[in-house]
Amino acid sequence: MVCLGNICRSPMAQGILEHKVEESGLDVEVDSAGTSDYHIGQAPDHRAIAKSKEYGIDISQYKGRQLVAEDFEEFDRILVMDTSNYNNAVALVEDEQKKAKVEMILNLSQPGNNMSVPDPYFGGEEGFENVYQLLDHACDVLIKELKSER
Ligand code: 4NP
């Protein structure tokens, strides 16, 4: 799960997906990172922590980190929140097979639309509810895909 700061959208996405992976008994490693170095080592934004907690998910211990080229070796899929994340992520690697690991997360729930998860950082609390709902639906689709791959 990748966004810009790794303190709002991608940690929420990580928490949601980890929760669903656990519920469904799948064996999948989930992580998150930011394309920027702005918030390395920092906890998620307090609004992201509070919104996740509302849905029974604890992301308070996550720590921000920056996406690196090695992530393209470690992980099968790199899910990004918006077009800017997409461009920054694919720029980290040369290899076309690695670039192809990057996908817009909302293409899971709204295929082919290349919709972005709006950055809630500069907005109010309601932005975080919207982000939560978008990510929750996308992760439901991902879980179905992962189950069908078994
Ligand atoms: P995120 O939100 O990419 O969803 O974690 C942001 C967090 C911080 C900043 C921008 C977006 N920032 O500019 O510091």
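Just so it is clear, none of the values below were taken in a lab; they were calculated from the coordinates. Bear in mind that the values here come from a model prediction, so they are computed numbers and not experimental data. Note: ideal-geometry Cβ built from the backbone for every residue, glycine included; neighbour counts use all protein chains shown.
So which residues in segment 89-101 are under 16 Å from Cys3 (Cβ atoms) and out of contact with any Leu (no Cβ under 8 Å at 6 or more places or on another chain)?
Those that are under 16 Å from Cys3 (Cβ atoms) and out of contact with any Leu (no Cβ under 8 Å at 6 or more places or on another chain): Val90, Ala91.
If you filter segment 58-83 down to residues that are crowded, with 20+ Cβ neighbours inside 10 Å and of a type in the set (A, V, I, L, M), you find that the one that is nearest to the ligand (Cβ to nearest atom) is Met81. Once segment 119-138 is narrowed to residues that are more than 14 Å from the ligand (Cβ to nearest atom) and surrounded by 13 or more Cβ atoms within 10 Å (Cβ to Cβ), the residue that is farthest from the chain's Cα centre (by Cα) is Glu129.
For segment 8-48, the candidate set comprises residues that are within 13 Å of the ligand (Cβ to nearest atom) and in contact (Cβ under 8 Å) with a residue 60 or more places away in the chain; within that set, the residue that is farthest from Asn88 (Cα to Cα) is Arg47. Any chance segment 61-70 includes a residue that's β-branched (Val, Ile, Thr) and more than 11 Å from the chain's Cα centre (by Cα)? Yes, some residue in segment 61-70 is β-branched (Val, Ile, Thr) and more than 11 Å from the chain's Cα centre (by Cα).
In segment 86-118, of all residues being within 16 Å of Gln14 (Cα to Cα) and within 15 Å of the ligand (Cβ to nearest atom), the one that is nearest to the chain's Cα centre (by Cα) corresponds to Ile105. Looking across Lys51, Lys20, Lys98, one residue alone is closer than 19 Å to Gly127 by Cβ and assigned to a helix (DSSP H, G or I). It is Lys51.
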